[in-house]
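J.: Encoded as structure tokens, here's the structure I'll be asking about.
Just so it is clear, none of the values below were taken in a lab; they were calculated from the coordinates. Predicted model only: the values in this text are computed from it and were never measured. We place every Cβ from the backbone using ideal geometry, glycine too, and count neighbours over all the protein chains shown.
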Amino acid sequence: MIFDFTIKTTKSPAYSADAPLETELQLKPGIIHKLDVRFRSGCASLVSLKILQGIYQIWPSNPLGMFVSDNEVISFREFFNMFDSPYKLHALTWNDDDTYDHSINLRFGILESWQLGVTQPERKPRYSIRDLQQFINTEFT
């Protein structure tokens, strides 16, 4: 599966490193095996990106790092487990350009469990059959 997101970040001072635009990236369960980050021509290394899962920065791996570029695709292989719910990441972007808005394209390649030859861990049901039977037989007033 490939997921594609375009994030438009408005010109400064709307967003900054201290107050970035946060974009939710809803994905599906699997292993992220490839990530492409496309900075369009004209970004001039003025728009920045970090990708987080919860409060933890995933890419770039170093906490003080950020992706910046101009007219370039940053592409790399990865093996990041996304089998645990919720299946989403967050992109933090900000734009230091005071004249133009800029957009970044993100593409995630995800391998599903059947492609890996594995099954997802079996989850215990929240309620037992007995609990459900008792609920069904309950009289509501």
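J.: Would you pull out the residues with amide H under 5 Å of D70's amide H, same chain only if 5 or more places away, H placed 1.01 Å from N?
T.: Hits under the 5 Å cutoff: S45.
J.: Right, next: For the chain, compute the number of Lys pairs whose alpha carbons are separated by less than 27 Å, excluding pairs fewer than 8 positions apart on the same chain.
T.: So the count works out to 13.
J.: May I pose another question? Given a cut-off of under 8 Å on Cα pairs at least six residues apart, what relative contact order in percent is computed for the chain?
T.: On the way: 283 pairs, mean separation 57.9, N = 141.
Averaging sequence separation for qualifying contacts and normalising by length gives 41 percent for the chain.
J.: Separate question: So how do Y87, Y56 line up by other beta-carbon neighbours within 10 Å, fewest first?
T.: On the way: Y87 14, Y56 7.
Placing the least packed residue first, the sequence is Y56, Y87.
J.: Based solely on C-alpha atoms, express the radius of gyration and the Dmax of the chain in angstrom.
T.: 20.3, 67
J.: Using helices alone, what [θ] at 222 nm do you get for the chain, with -39,500 (n - 2.57) per DSSP H run of 4 or more residues, divided over all residues and rounded to the nearest 500?
T.: Numbers: 2 runs with 12 residues, N = 141.
Rounded to the nearest 500, the figure is -2000 deg cm²/dmol.
J.: So if each residue of separation counts as 0.36 nm, and I subtract the Cα-Cα distance between R40 and T99, what length gain in nm does that give?
T.: 19.7 nm
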